[in-house]
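Quick notes on the structure that follows.
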Amino acid sequence: MAEIDACALDDIEEEDLIAIEHGGKLYAVYRMEGEEVFCTDGLCTHEQVDLSDGLVMDYIIECPRHNGRFDIRTGEAKGAPVCVNLATYPARVEGGRVMVELP
């Protein structure tokens, strides 16, 4: 695992997310209230849809295609049709930048 500078905190609206790419893989970086940030794989485990167009509310990301839901804190699949959890990665804010530990 290597820590990368994913983006500026201000690049992400509160209760929203952005997609980033690292090592040829897509990740989702989320911002909740203030400086609370999270990171998961960027593609839904159901049909590999980009989650960055999804809706974030109360720590849940809803996939834009079939409305499968995941808890962004744990990656846990929370609603059909998804049944495979998302991988999560440590994220933190330092000096206004979002730092994420990625493989």
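Just so you know, all these numbers are worked out from the coordinates, no wet-lab data involved. Here the structure is a predicted model, which means the values were calculated and not measured. Here the Cβ is made from the backbone with ideal geometry for all residues, glycine too, and neighbour counts use every protein chain on show.
V100: among the β-branched types (V, I, T), touching a Leu at 6+ places or on another chain (Cβ under 8 Å), surrounded by 14 or more Cβ atoms within 10 Å (Cβ to Cβ) and closer than 15 Å to A6 by Cβ, yes or no? Considered against the rule, which asks whether it is among the β-branched types (V, I, T), touching a Leu at 6+ places or on another chain (Cβ under 8 Å), surrounded by 14 or more Cβ atoms within 10 Å (Cβ to Cβ) and closer than 15 Å to A6 by Cβ, V100 comes out as no. Would you confirm whether or not region 49-58 contains a residue that is in contact with a Lys or Arg (Cβ under 8 Å, 6 or more places away or on another chain) and surrounded by 16 or more Cβ atoms within 10 Å (Cβ to Cβ)? For region 49-58, residues in contact with a Lys or Arg (Cβ under 8 Å, 6 or more places away or on another chain) and surrounded by 16 or more Cβ atoms within 10 Å (Cβ to Cβ): present. Residue count for region 68-82 under the criterion of being in contact with a strand residue (DSSP E or B) (Cβ under 7 Å, 6 or more places away or on another chain), without any contact (Cβ under 8 Å) to a residue 24 or more places away in the chain and over 11 Å from T40 (Cα atoms): the result is 3.
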